[in-house]
1. Can you say whether Leu25 is at pLDDT 95 or above, more than 30 Å from Tyr148 (Cα to Cα) and among the aliphatic types (A, V, I, L, M), as far as the supplied structure shows?
2. Given the conditions (1) buried (at least 17 other Cβ atoms within 10 Å of the Cβ); (2) within 16 Å of the ligand (Cβ to nearest atom), report the number of the one that Asn159 does not fulfil.
3. If a residue must be over 15 Å from the mean Cα position of the chain (by Cα) and of a type in the set (Val, Ile, Thr), how many such residues does region 198-254 contain?
4. Do we find that Phe181 is over 18 Å from Leu34 (Cα atoms) and among the aromatic types (Phe, Trp, Tyr) in this structure?
5. Among the residues of region 49-89 satisfying the criterion of being surrounded by 14 or more Cβ atoms within 10 Å (Cβ to Cβ) and among the small types (Gly, Ala, Ser), which is farthest from Tyr150 (Cα to Cα)?
6. Could you list all residues from region 137-184 that are free of Cβ contacts under 8 Å to residues at least 24 places away in the same chain, more than 17 Å from Thr221 (Cα to Cα) and of a type in the set (Ser, Thr, Tyr)?
7. Restricting the search to region 202-234, which residues are surrounded by 22 or more Cβ atoms within 10 Å (Cβ to Cβ) and not β-branched (Val, Ile, Thr)?
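The values are calculated or read from the model by the stated rules, or taken from the named source; none is laboratory data. None of these values were measured; they are calculated from a predicted model. Glycine gets a Cβ as well: all are built from the backbone with ideal geometry, and neighbour counts include every protein chain shown.
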Amino acid sequence: MSTFTKAIVRKPAATFANGISTANLGKPDYYLALKQHEAYCEALIKCGLQLTVLDANADFPDSCFVEDTAVVTPDFGVIARPGDPRRLGEEKEIKNILKPLMKLHYIEEPGKMEGGDIMQADDKFYIGLSGRTNLSGSKQLNKILTQYNYDVFSIPVCNLLHFKTGVNYLGDNNLIMQRSFCSKDDFKAYNQIIVDRKEKYAANSLRINNYVLVPQGFPKTKASIEQLGYQVIELDLSEFQKMDGGLSCLSLRF
Ligand code: CIR
């Protein structure tokens, strides 16, 4: 698992509640979202990351979910092309921020790709084919990643917004996932931590350096992660969950 030193985050906008949501959990409280976002930023700092905090952008209600705008490694970045037209354009400012820092590649039309569908597991990348990432986007990304000697695999994603809504790599061969992914051949070689069906949201837990960030309120998942020997930081994400977002979506780490 690579060591991360930096992260980019963006504050939730006052228009946050107008973003895309299928969660049916009610309207998010903007002020509580801001508070939860601050706690998230503090957790990233505790994990050893130097943060770039972008100002809120009210033109894009979903723009705090920065993970979807790029795929970033310590050596290079790939600027996404969001698959929902309401998010197209969010990637532009991220491109300007990353450009001085690393070599950039771009997903081009007709490709669609969102970072929430891309999971790195050491020297492998898994690309989820979802409603937001299409075959063209996946092929373009595959070509870029193979240039850097990564092994790349595509996985169909059903009934989930993004691939990483359902599965995340914790390092040390540990893969946390919703049950629907456990029978996939690609994942047979991993130690699988399958979340309880009442704790599906916690499949989006996030390893950063010496910690694993886990959403608050999922005790069984927290215990399983602790049993593996990880230090857990719990974070309340209720307002982001209302907008279909999770822990990983709120930052780009590299
Ligand atoms: C969206 O539908 O695009 C946002 N409301 C949520 C994005 C969450 N991002 C992620 O899971 N990577």
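1. Working: at pLDDT 95 or above: yes; more than 30 Å from Tyr148 (Cα to Cα): yes; among the aliphatic types (A, V, I, L, M): yes.
Yes: the conditions hold for Leu25.
2. Among (1) buried (at least 17 other Cβ atoms within 10 Å of the Cβ); (2) within 16 Å of the ligand (Cβ to nearest atom), Asn159 violates only (1).
3. Matching residues across region 198-254 total 4.
4. When the stated conditions are applied, Phe181 passes them.
5. Selected residue: Ala56.
6. Residues satisfying the conditions are Thr146, Ser183.
7. Within region 202-234, Ala202, Ala203, Asn204, Ser205, Leu206, Arg207, Leu213, Pro215 qualify.
Residue-by-condition table, conditions (1) within 13 Å of the ligand (Cβ to nearest atom); (2) among the charged types (D, E, K, R); (3) within 28 Å of Gln50 (Cβ to Cβ):
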| residue | (1), (2), (3) |
| --- | --- |
| Asn174 | no, no, yes |
| Cys182 | no, no, no |
| Gln192 | no, no, no |
| Ile208 | no, no, yes |
| Cys249 | yes, no, yes |
| Arg253 | yes, yes, yes |
